[in-house]
1. Might you let me know whether segment 707-726 holds any residue that is within 19 Å of Gly659 (Cα to Cα), out of contact with any strand residue (DSSP E or B) (no Cβ under 7 Å at 6 or more places or on another chain) and modelled with pLDDT of 90 or more?
2. For segment 550-572, give me each residue that is more than 25 Å from Ile683 (Cβ to Cβ) and charged (D, E, K, R).
3. Taking only segment 618-652 into account, find how many residues are surrounded by fewer than 17 Cβ atoms within 10 Å (Cβ to Cβ) and not in a helix (DSSP H, G or I).
4. Within segment 304-314, is even one residue open to solvent by 30 Å² or more (accessible area, probe 1.4 Å), touching a Gly at 6+ places or on another chain (Cβ under 6 Å) and farther than 30 Å from Ala232 by Cβ?
5. For segment 653-667, give me each residue that is open to solvent by less than 20 Å² (accessible area, probe 1.4 Å) and within 27 Å of Ala171 (Cβ to Cβ).
6. Name the residue that is surrounded by the most Cβ atoms within 10 Å (Cβ to Cβ), counting only residues in segment 537-554 that are touching a helix residue (DSSP H, G or I) at 6+ places or on another chain (Cβ under 9 Å), under 30 Å from Pro574 (Cβ atoms) and of a type outside the set (A, V, I, L, M).
7. Only residues in segment 65-88 that are surrounded by 15 or more Cβ atoms within 10 Å (Cβ to Cβ) count as the first member; pair them with residues that are outside any strand (DSSP E or B) and among the β-branched types (Val, Ile, Thr), Cβ under 8 angstrom, at least 6 apart or cross-chain, and list the lot.
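The values are calculated or read from the model by the stated rules, or taken from the named source; none is laboratory data. Just so it is clear, the model here is predicted, and its values are computed rather than measured. As a convention, Cβ positions derive from the backbone with ideal geometry for all residues, glycine included, and neighbour counts pool all protein chains shown. Side chains included, ligands, DNA and RNA excluded: accessible areas come from the protein's heavy atoms. Shrake-Rupley method; radii C 1.70, N 1.55, O 1.52, S 1.80 Å.
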Amino acid sequence: MKRHRARRERRHGPARRPKLATAPPPAVPYSRLLACLKRAPDRVTVPGLVRLMGLPVSDEPELRRQMEYLEKQQIVFSQRRGRWSLHARTRIVIGRLSCPEGTYGFVSAEETGKRDVFIAGRRMAGARHGDLVMARVIGRPVPGKRGDRSGGGGSEGEVLAVLERRPPFLAGQYRGGGNGGLVTPRDDRVSGTIVVDGASAGAEAAPADGSIVWVEITSPEDRFRPARGRIAATLGLPEEAGVDEATIVRIHDLPGAFPPEAEREALSHPPRIDERERARREDFTGSQVVTVDPATAKDHDDAVGLVWIPTARGEIYRLAVHIADVAHYVPEGGHVDREALRRGTSVYFPGRCIPMLPEALSSGLCSLHAGEERLVHSVLLDFDAQGRRLGYRFADGVIRSAAAMTYAELQEILDGGEDGNGSAHAPMLREMGRLCRLLRTLRLRRGSLDLEIPQTEVIVDDSGRPIDVQPVRHGLADQVIEEFMLAANETVAEHLREHVPASLYRIHEDPDPEGIDEVEERLATMGFPVRRTRGTPSARLSAILAPFKGRPQEPAVSMMVLRSLKLARYSHEPIAHFGLAAPLYTHFTSPIRRYPDLIVHRLLRGAPRAGPTRPDEPDPAERLAAVALQCSRLERRAEEAERAVVDWKKAVYMKDRVGEEFQGVVTGAARGALFVTLEGLGIDGVVPVGAGREASHGRGARGPARPAPWRPGDALRVRVQAVDTFRARILLKPLSTG
């Protein structure tokens, strides 16, 4: 009977909705366990899973309890002799629950760039915003629920279990007096206010009214009472220097100081290169090599050099891309390595960096400073006169950078300047510009997306207070380094695919057709003539972008297209990179600030082998899958924190400009609001509009579409009406168009 039930469920999925249960503490993250089950043989035992994932044997009882829990949820089923399989039609998503309005939510998959799963309020099973949940996909979403948040196209689901509760801490703004008050959370998705006592832990006086506080929730809200908490720390007023970064660091749980053992290990390396190490490496110290970085850069991962060589078939370009040999100084499994994996990536705030590696390495031995000998892992690429790659080779080398240039200095030379830093290398640098144009033309011709996304730079003083905000303009100098790094990364990915049994790749899956459909629909609703297309996603997106090239609407349309795409991520699977139109891609060029690059450096030096050498040795692909999942998550955390700090500093900068008038450009619309970018600053503000005037932009609009009063690219004169620095909101008042 059990065998017949298993066969039926394998074909048709679970017969009924599972009974909700509390998930047991995991021996391994559920997302990793389910991913391993997908790759495992059709029927696998628990000891087999332990071996595949490289777990200690002592974790077997906890893993068995996890499997039994998954069986209760009808996600897996057991067969004879303790063997397990996934239900063929069960789709599970594990991720954080986000509740924009408290009555419904979305689960973003941890391990993929897939669209969010919509969770109706009745299917949340007691989960709250920020919880890590396991959800089952059960159908399509309810139309209109997503609004403009991500462009639709997701699936509807139900929460099976809460795997991890959101930490009981949050940042908020305090309003009150001596005996107590109310704290309004910074995150709008956390509904309601928190009632708190007046003084923070260990403090004699209550925080000043309007202060930013760090609150521990001691009693969650329910139907009858608001949440209660205690003030764990007072961080300061929103406009005070350093309060923004201190708050965001706490919100995103970013790392602080390095452990003492990691610092000691980083300082243990001799400052000079060992002669035996030098003897086994290729000597590039006599070659023309330069570094090119932003003016504020403190670490230098890469250096480049170019020569042109006459051959019987004509001249060829030989491009040398030298990357800091971090793997030489960071042995696998050491204190620095473990801390680097825990951090995943460096985090960059204006004027400040939270590094992945201790400063002795990130800004010292591993940084390619001009005039100093450094160890590198190099890839030398040959290109013909049309920019087509002819061949490549790798080398462990030693370089001495001849110049440390900024992008502005390189641009000046590319524009014909003869003076300044790097002028002695002007002929080589101009040849780099020519090669860059060839490589870029070929990349765009094969289908790589060319999105015009505006960027801004916040200039801060020594205390971190914003003193200026400037739009970032990318020129040929930026493209030179970008194209050379792309070429190196693609080459490394192709080499690893051919010579290493398991590797780490940077992947970007094709967008969902529904997302592209919605971009076309929204543009048509706004009154733009959009030609509906068929064909590949790349061809469809190119057809959308082409009419707006060089026009005021280009940045807004580029952003709409970007939001229709899936997230790029790390994976052990050799999947193509859609955005770059690259069959294979990886990250090799920034091992000082990205842990996956360090892994790739080690893989390049590893001896190829067919698989585990012993039955009890874990599968290398499974280990890399776990690293990929963790690094993708940490990358998203870093990006969210960086964006939050920049937005906060922009708001502080605009606080003193309330009442001033600016020329703006409409860049987007959401229900009840227009987004306007202030010209010359690149700062975004919000213009509230009547729901009726903008209703045609929403997914849930009824009846025929009406022309929008404003469209992306329209000029709009505005006045800064109010600024909420804590929530980084700039409220604008429209004055006139044109």
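1. Scanning segment 707-726 turns up at least one residue that is within 19 Å of Gly659 (Cα to Cα), out of contact with any strand residue (DSSP E or B) (no Cβ under 7 Å at 6 or more places or on another chain) and modelled with pLDDT of 90 or more.
2. Lys566, Arg569
3. Adding up the residues that qualify gives 1.
4. Looking for residues that are open to solvent by 30 Å² or more (accessible area, probe 1.4 Å), touching a Gly at 6+ places or on another chain (Cβ under 6 Å) and farther than 30 Å from Ala232 by Cβ, one finds none in segment 304-314, hence no.
5. Met654
6. Arg540
7. Close Cβ pairs satisfying both conditions: Gln66/Val28; Met67/Val46; Gln74/Thr90; Ile75/Thr90; Trp84/Val46; Leu86/Ile75; His87/Ile75.
Yes/no matrix, rows are residues, columns are (1) modelled with pLDDT under 85; (2) closer than 30 Å to Ala426 by Cβ; (3) among the aromatic types (Phe, Trp, Tyr):
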| residue | (1), (2), (3) |
| --- | --- |
| Glu482 | no, yes, no |
| Ala488 | no, yes, no |
| Glu494 | no, no, no |
| Asp510 | no, no, no |
| Gly527 | yes, no, no |
| Gly535 | yes, no, no |
